[in-house]
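Readers should treat all values here as calculations from the given coordinates under stated rules, not as data from a laboratory. The structure displayed is predicted, hence computed values, not measured ones. Because the Cβ atoms are built from the backbone with ideal geometry, glycine has one as well, and the counts that use them run over all protein chains shown.
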């Protein structure tokens, strides 16, 4: 089953998809609405949507956490696919660091950071699921 990962940024929704075996995450770009997200989920034959839940380092909720929780509630109403939350602490910082090390220009980093964060988050989810025995 393919898993579609979502990293909701301020302006864009970064996307990544797993392979059918649930082993490898691949960035697939970004969208700007739930309608587009669901279209991609259908086109890519996703069986589950994984949404990154931002938390502070101590695990507490932030205003961004509340915004993503509202997004998740709307998404759950719009689809019959299972929607799963996943801790995404530091994925955006990690994605930014990778892009900086790759000498990606500032303008291009803004477009790529959410999709790379989605890929990093999805890979951590897949790794955890494969270690525990299944998706």
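Numbers below:
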quantity	calculated
Relative contact order (%) - criterion: Cα under 8 Å, at least six apart; region: segment 2-132	34 percent
Residue 67 paired with residue 1, simple spin-label distance in nm, labels 7 Å along Cα-to-beta-carbon	3.0 nm
Anisotropy class of segment 1-74 from Cα gyration tensor, a/c 1.5 cut	prolate
Binned Cα-Cα distances of segment 55-135, short to long, each 5 Å bin given as a whole percent	3, 13, 17, 19, 21, 17, 7, 2, 0
Potential extension, residue 110-residue 89 segment - 0.36 nm per residue separation minus Cα distance	5.7 nm
Three-way shape call for segment 2-132 based on the alpha-carbon gyration tensor, with the a/c threshold at 1.5	rounded
Linear extension gain, residue 97 paired with residue 36, 0.36 nm per residue minus alpha-carbon span	19.2 nm
